[in-house]
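Beneath this line is the structure, given in structure tokens, with notes to follow.
The values are calculated or read from the model by the stated rules, or taken from the named source; none is laboratory data. It should be emphasised that the depicted structure is a prediction, and the values quoted were computed from it without experimental measurement. Reconstructed Cβ throughout: ideal geometry from the backbone, glycine too, with neighbour counts over all protein chains shown.
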Amino acid sequence: MALRGEALKDAPVFASATGRPLAPSHIDRVVKRAAAAAELENAMNVSAHWFRHSHATHALDEGVPVHLVQATLGHTSLDTTSKYLHVSPDRSSGEVLVKRWSEPF
């Protein structure tokens, strides 16, 4: 919660100018418009859920322990979090270990 500053734990991530939570459909429209403006492929298939998915995938790719990603996402089951584990054809476990061990302590 430190990244959210003084926000309450249950405060909306996406809020209107009055502080009320935005409807999921509104958030998805905003995200789709931003994806289209960025000229992303398949921009109309992008959704706000991609933020969660992207966070989990990148965290796991960078070696964050799966149980920490599970806690961050609020999953009760490790099976749910494991859906974010992807095989990247351009990465290997050796590459991750070399990066990790080459960083200063």
Any chance you could count how many residues in segment 24-70 are within 19 Å of residue 83 (Cα to Cα), exposed (fewer than 11 other Cβ atoms within 10 Å of the Cβ) and hydroxyl-bearing (Ser, Thr, Tyr)? 0
Can you tell me which residue is nearest to residue 15 (Cα to Cα) among those in segment 26-68 that are part of a loop (DSSP other than H, G, I, E, B) and within 16 Å of the chain's Cα centre (by Cα)? 48
Does any residue of segment 21-41 turn out to be among the hydroxyl-bearing types (Ser, Thr, Tyr) and modelled with pLDDT under 90? no
Given (1) in a helix (DSSP H, G or I); (2) surrounded by 11 or more Cβ atoms within 10 Å (Cβ to Cβ); (3) at pLDDT below 85, identify the lone condition not met by residue 100. (2)
Residue among 76, 18, 72 that alone is of a type in the set (S, T, N, Q), modelled with pLDDT of 85 or more and under 15 Å from the mean Cα position of the chain (by Cα): 72
